[in-house]
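> Before anything else, here's the structure in question.
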Amino acid sequence: MIAYLKGKVAMIQMDHIVIETYGVGYQVNFSRPDKVRLNEEVQIFTYQHIREDENTLYGFLSAQEKELFIKLISVKGLGPKTAMNMFGAMNVETILNAIETGDVALIKSLPGIGAKTASQIVLDLKGKLVQVSANKVSIAQEAKDAIDALKALGYKPNELSGVEKLFGANPGKTTDEYVKMGLKHLLMQGR
């Protein structure tokens, strides 16, 4: 099985990209073509789906996305194409949160997901995605705590929207590091 590909993006289409690695172009089904650029060096985590009449690579920007994808396709009635469409319509954190909170209506709103499949996803995966989401939850919580601290210092929510984006682009920091980063950003914006 091909765990990941590292190479140059040779082609971008609506539902797939081609990654050139050592002179070989690998076609990878990819739900977020807006996240890569032509000729950019990338590392794409892959899942190889093999059937009698098909050998397809599905690509992901993170190991977390790939792990969630594998869990999703283990649900009865949910195939890889439908799971990929889910990633194209919604980010990983939102999907994880919807499953963990049992938000069947939100899951049902995703392309190709009916009421029965949405209920089955929640039934099969709720409470089983802790290891998939462990890193993101702690990062998100630290960033959230930093936002709360900045609000306590008198900053308004509309002033903090740029700070939230900055935190999202810089995962793995402590709450104190996020607060310092946020203050620096806000001071440069000329509050």
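The values are calculated or read from the model by the stated rules, or taken from the named source; none is laboratory data. Note that the structure is predicted; figures quoted are calculated from it, not measured. Cβ atoms come from the backbone with ideal geometry, glycine included; neighbour counts cover every protein chain shown.
> Of these, 22, 4, 26, which one is touching a residue at least 12 places away in the same chain (Cβ under 8 Å), out of contact with any helix residue (DSSP H, G or I) (no Cβ under 7 Å at 6 or more places or on another chain) and over 22 Å from residue 63 (Cβ atoms)?
Checking each option against the conditions leaves just 22.
> Check whether at least one residue in segment 56-65 is over 14 Å from the mean Cα position of the chain (by Cα) and not in a strand (DSSP E or B), and report yes or no.
No, segment 56-65 contains no residue that is over 14 Å from the mean Cα position of the chain (by Cα) and not in a strand (DSSP E or B).
> Filter segment 66-108 down to residues that are assigned to a loop (DSSP other than H, G, I, E, B) and more than 18 Å from residue 124 (Cα to Cα) and give me whichever is modelled with the highest pLDDT.
Ranking the candidates gives 90 first.
> Could I ask something else about it? Out of the residues in segment 137-191 that are β-branched (Val, Ile, Thr) and either outside any loop (DSSP other than H, G, I, E, B) or within 21 Å of residue 95 (Cβ to Cβ) (or both), which is modelled with the highest pLDDT?
Restricting to residues being β-branched (Val, Ile, Thr) and either outside any loop (DSSP other than H, G, I, E, B) or within 21 Å of residue 95 (Cβ to Cβ) (or both), the top hit is 179.
> So residue 47 ticks every box in (1) over 25 Å from residue 111 (Cβ atoms); (2) part of a strand (DSSP E or B); (3) not hydrophobic (A, V, I, L, M, F, W, C) but one. Which box is left unticked?
Status for residue 47: all satisfied but (1).
> Got a sec? Which of 57, 72 is in contact (Cβ under 8 Å) with a residue 24 or more places away in the chain and under 24 Å from residue 168 (Cβ atoms)?
Just one listed residue meets the conditions, 72.
> Let me ask something else about it. Kindly evaluate residue 118 against the criterion of being modelled with pLDDT of 85 or more, among the hydrophobic types (A, V, I, L, M, F, W, C), outside the structural domain of residue 105 (by TED's automatic domain parsing) and assigned to a helix (DSSP H, G or I).
Judged against the criteria, residue 118 is not a match.
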